[in-house]
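All remarks here apply to the structure that follows.
The values are calculated or read from the model by the stated rules, or taken from the named source; none is laboratory data. Keep in mind the model is a prediction, meaning the values are calculated, not measured. As a convention, Cβ positions derive from the backbone with ideal geometry for all residues, glycine included, and neighbour counts pool all protein chains shown.
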Amino acid sequence: MSDPKPFDPLAGRDPAAPLDEEAQYLFEDAVRRMPKCELHLHHEGAAPPDFIRQLASEKSVNLSGIFDRDGGYAYADFPDFLRVYEAATQVLKTPEDYHRLTLAVLEQSAEHGVIYCESFLSPDFCGGGDVSAWREYLAAIEDAAGIAERAHGITLRGIVTAVRHFGPETAKRSALCAAETAGEFITGFGMGGDETMGHQGDFAYAFDMAREAHLKLTTHAGEFGGPESIREAIRDLRVVRIGHGVRAIEDMALVEEIAARGIVLEVCPGSNVALGLYPDIAAHPIKRLQEAGVNVTVSTDDPPFFHTDMTGEFVQLNKSFGWGIPEFCALGHSAIAAAFCSEPLRARLKKQMETN
Ligand SMILES: [Zn+2]
């Protein structure tokens, strides 16, 4: 028998009263166990450091200088983060590597109660943009996702992702890979990479191709780019979700437009703080965006690189804004409503959220 709602150790408490150690432990445990849905996760960026170390040692690749004393990823600033990210992910070369990566990532997510996640998969890293090579990587990822689903009860869907700083022509190749493999597993198309390179509209052809293949669309905007980058994404790429989008807060007319259009923001507070957009979670605009009527969701982006996970994100939101289990349930429902998945799967996830 399942409880009708996730256990809430804070129910009935004065929200302003500080938690003692035991109450904090019970709260964090309840947060960890409650069912969650994550929409913004980079497949390579979710690679656990232990897994990368193991793979590097099998391949005799020297990765000294990217780990801290506790074995986590270590970097000093944003350029250094890029160096560490590239060094860690360069050991991922073959479909078999991606099979193992997928198992490691999903096992890690399931430990934090994630029952559904969408991850960004890039044909540029999986077969160099070649459709037949991409199919091999995808088959390996899907096979591993099936194993993880049976073992841990977590469902994965893939968003094929263009890398912005590789340019529009390369993005077209990614869109072709996406269109050729669109279906039950590949359900979306998006774009990550350096937001300061070119304009969103430079990639309209790739996004049009993906839209014609019935893929749902998202793009990174309003992270390192300002409000104009978000406006371009909405106008030129006609996306239904935006990766980050938090810098919309600098332009309240844009915030109103996002709310009115029902565009969903894939907000990753821990990532934004780790990369220096905001000094801490208390300064993060997620609450102000939500209060202005924007449909926000919470994700981890590249969790081990930012020393975060879904439990940690929620615990930080509790500490800064007093959000508790009811607010996290509402965020989970927003994410399921915005998921790029089939309607039968959405109905099943909704039921799981309500009955677990
Ligand atoms: Zn991202």
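Listed values, structure above:
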quantity	calculated
Which numbered condition H214 fails, given (1) of a type outside the set (A, V, I, L, M, F, W, C); (2) more than 17 Å from V160 (Cα to Cα); (3) away from the ligand (no atom under 14 Å from the Cβ); (4) not in a helix (DSSP H, G or I)	(2)
Filter result (under 23 Å from S122 (Cα atoms) and surrounded by fewer than 15 Cβ atoms within 10 Å (Cβ to Cβ)) within segment 36-58	D50, Q54
Flag for I242 being within 16 Å of the ligand (Cβ to nearest atom) and free of Cβ contacts under 8 Å to residues at least 40 places away in the same chain	yes
Listing of helices (runs of 4 or more DSSP H) fully contained in segment 251-335 that carry 2 or more residues being charged (D, E, K, R)	252-261, 286-291, 310-321
Complete set of residues in segment 286-303 that are away from the ligand (no atom under 14 Å from the Cβ) and over 19 Å from P35 (Cβ atoms)	I286, K287, R288, L289, Q290, E291, A292, G293, V294, N295
Residue within segment 36-46 that is in contact with a Gly (Cβ under 9 Å, 6 or more places away or on another chain), away from the ligand (no atom under 16 Å from the Cβ) and either free of Cβ contacts under 8 Å to residues at least 24 places away in the same chain or assigned by TED's automatic domain parsing to the domain that holds R157 (or both) present	yes
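Condition check ((1) under 30 Å from L345 (Cα atoms); (2) loosely packed, with under 14 Cβ neighbours inside 10 Å; (3) among the acidic types (D, E); (4) within 16 Å of the ligand (Cβ to nearest atom)) across all residues:
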| residue | (1), (2), (3), (4) |
| --- | --- |
| R13 | no, yes, no, no |
| P18 | no, yes, no, no |
| D29 | yes, yes, yes, no |
| M34 | yes, no, no, no |
| I66 | no, no, no, no |
| D70 | no, yes, yes, no |
| F78 | no, yes, no, yes |
